[in-house]
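Only one structure is covered here, and it is reproduced in the block below.
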Amino acid sequence: MATVKPNILACIGNTPLVRLNSVTEGIRTPVYAKCEFMNPGGSVKDRIGLPILEAAEAAGAIRPGGTVVEATSGNTGVGLAVAAACKGYHCIFTLPDKMSSEKIRLLKAFGAEVVVTPTVPPDHPEYYVTVAKNIVHDTPNSYFANQFYNQVNPEAHYASTGPEIWAQTGGRIDVLVGGLGTGGTISGCGRYLKEKNPDLRVIGADPVGSLFKSFKETGVLGQGEVYKVEGIGNDKIPGTTWMEFIDEFRNVDDRSSFTMARRIAREEGMLVGGSSGTAVTVALEVARELDDPDKVVVVILPSTGERYLSKFLNDEWMRENRFLEGPATDVRQLLLQKPATARAVISAAGDLSLQKTLDLMARHNVSQLPIIENGESIGSVRESRLMALVLEKKATLNDRVGQYLDPPFPVIGANETVEYVSRLLGRDNAALLVRTGGEITGILTRYDVIKSMSE
Ligand code: PMP
């Protein structure tokens, strides 16, 4: 049977729900990620492009050959451009000049026209939203997509994303976590899922500096502050945010969001944007609090990380923004601070000859070595002692290293604190082994800790 799709729009949605396995270490409640970054245009916003155009057509607001206009720098532009390309519409996007040239090129690659405006406050005539509205006014057969007020946006998620999550979990979902830009995703999903199960909790992940959380709690719109995570947070409450379906908000700072997004790529193999890091940070917090293997937390990963290769995925950028500096506070951070080439655990099995063991240590420039068999640390050796034994003719180079073992290095978990590590290394232990997910995956020496203190 042929399984050809009629066009790329038919490939939007039905994204997989994938269990997180590593960032969840030590947490008993399962956390499942809804992989919206796998949509054809790379984000959850693909889901609203076509419905917005179809609703405009049905209302007679746009006719064939017309022009779609939106004030957007990001994923909504791509979502609209993908749908417009397939349906033969033209796109014009306005965006402020602080946006990267990479984003402008991306929109142009889909055939869109891009109008760059100066970065000015909302009451200025050249503000990018005002410019977009003026373009609609001056362009015949054009339509303003208006993602922050167009109810088709949350309704699209009520019709697709929400039902998918319900079906994929077989109705076994207790908490939904997601970030909000327009609020469309979490509003539509939250409404659908709460209709299915009124006890389900919906939690919004909000950058520190955004106003969703404080508005929900006080009803007052305070003063927003600048933050670096893109695509989520707001200094006003959009008409597409259905507050009644969101139970609670939690704040996440930029450093935590970016660090988590980087970990999701390195540990889970999923390249996601910074807003996924924000949402997962909250999801893990909630899952830890629930502490129940029979409950389920679902978190939305809205976008691909490919658009951030020169931003938070780049160490230089992270350092410039002071997100990487500072002494580590736990074992995981200590390991991440080691140069990539020094991270692997060099070890030998007990039946290796002394000759080969000494060669191995020289090659990797290490002076001590754990002896690991069947995933267990059974002992350790020091280069100086092995050499002394050979020189004193108490051992030969052909002997098994297993005959000359010192006690094994202590094995610790990745969540242990640096204080604990320092205490163990301050005693007689030259090194510590780190176990994650049942396997020995890292090694820490005194030098690693001292290096981190000097950062
Ligand atoms: N993350 C990113 C990267 C986004 O671009 C968006 C959309 N602005 C969101 C999250 C949030 O989606 P929504 O607008 O549906 O709240």
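The values are calculated or read from the model by the stated rules, or taken from the named source; none is laboratory data. Computed from a predicted model, the values in this text were never measured in an experiment. Methodologically, a virtual Cβ is constructed for each residue, glycine included, from the backbone with ideal geometry; neighbour enumeration extends over all protein chains shown. Protein only, heavy atoms only, side chains kept; ligands, DNA and RNA dropped before computing areas. Shrake-Rupley method; radii C 1.70, N 1.55, O 1.52, S 1.80 Å.
Among the residues of the stretch 234-252, those that are surrounded by fewer than 17 Cβ atoms within 10 Å (Cβ to Cβ) and part of a loop (DSSP other than H, G, I, E, B) comprise ASP235, LYS236, ILE237, GLY239, ASP247.
The condition of being open to solvent by 30 Å² or more (accessible area, probe 1.4 Å), under 25 Å from PRO122 (Cα atoms) and in contact (Cβ under 8 Å) with a residue 12 or more places away in the chain holds for only one of GLY231, GLY184, GLY222, that being GLY231.
With the requirement that a residue be touching a strand residue (DSSP E or B) at 6+ places or on another chain (Cβ under 9 Å) and open to solvent by 60 Å² or more (accessible area, probe 1.4 Å), what does the stretch 320-358 give you? Correct list: THR329, ARG343, ALA344, ASP351, LYS356. Applying the criterion of being over 21 Å from ASN251 (Cβ atoms) and of a type in the set (A, V, I, L, M, F, W, C) to the residues of the stretch 190-212, the residue that is surrounded by the most Cβ atoms within 10 Å (Cβ to Cβ) is LEU193. Note on the stretch 21-49: residues that are more than 15 Å from the ligand (Cβ to nearest atom) and either among the small types (Gly, Ala, Ser) or crowded, with 21+ Cβ neighbours inside 10 Å (or both) total 4.
Scanning the stretch 50-81 for residues that are among the β-branched types (Val, Ile, Thr), assigned to a helix (DSSP H, G or I) and within 12 Å of the ligand (Cβ to nearest atom) turns up THR76, VAL78. Return a yes/no flag: does the stretch 217-231 have any residue that is in a helix (DSSP H, G or I) and of a type in the set (Phe, Trp, Tyr). Checking the stretch 217-231: not a single residue is in a helix (DSSP H, G or I) and of a type in the set (Phe, Trp, Tyr).
Say whether the condition of being under 30 Å from the mean Cα position of the chain (by Cα), outside the structural domain of VAL18 (by TED's automatic domain parsing) and without any contact (Cβ under 8 Å) to a residue 60 or more places away in the chain is met by at least one residue in the stretch 128-146. Yes, that holds for at least one residue.
Matching residues to (1) in contact with a helix residue (DSSP H, G or I) (Cβ under 9 Å, 6 or more places away or on another chain); (2) of a type in the set (Ser, Thr, Tyr); (3) in a helix (DSSP H, G or I); (4) more than 16 Å from the ligand (Cβ to nearest atom):
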| residue | (1), (2), (3), (4) |
| --- | --- |
| HIS157 | yes, no, yes, no |
| ILE173 | yes, no, no, yes |
| GLY181 | yes, no, no, no |
| SER187 | yes, yes, yes, no |
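If you filter the stretch 266-280 down to residues that are open to solvent by 30 Å² or more (accessible area, probe 1.4 Å) and in contact (Cβ under 8 Å) with a residue 12 or more places away in the chain, you find that the one that is farthest from the ligand (Cβ to nearest atom) is GLU267. Inclusion of ILE300 among residues that are aliphatic (A, V, I, L, M), within 30 Å of GLU102 (Cα to Cα) and touching a Leu at 6+ places or on another chain (Cβ under 8 Å) is warranted. All conditions but one from (1) outside any helix (DSSP H, G or I); (2) within 14 Å of the ligand (Cβ to nearest atom); (3) buried (at least 16 other Cβ atoms within 10 Å of the Cβ) apply to LYS295; the one that does not is (2). Answer yes if at least one residue in the stretch 100-121 is open to solvent by 60 Å² or more (accessible area, probe 1.4 Å), of a type in the set (Phe, Trp, Tyr) and under 28 Å from SER310 (Cβ atoms), and no otherwise. Yes; the residues of the stretch 100-121 include at least one that is open to solvent by 60 Å² or more (accessible area, probe 1.4 Å), of a type in the set (Phe, Trp, Tyr) and under 28 Å from SER310 (Cβ atoms).
Does LEU284 satisfy the criteria of being closer than 30 Å to ARG191 by Cα and away from the ligand (no atom under 13 Å from the Cβ)?
Considered against the rule, which asks whether it is closer than 30 Å to ARG191 by Cα and away from the ligand (no atom under 13 Å from the Cβ), LEU284 comes out as yes.
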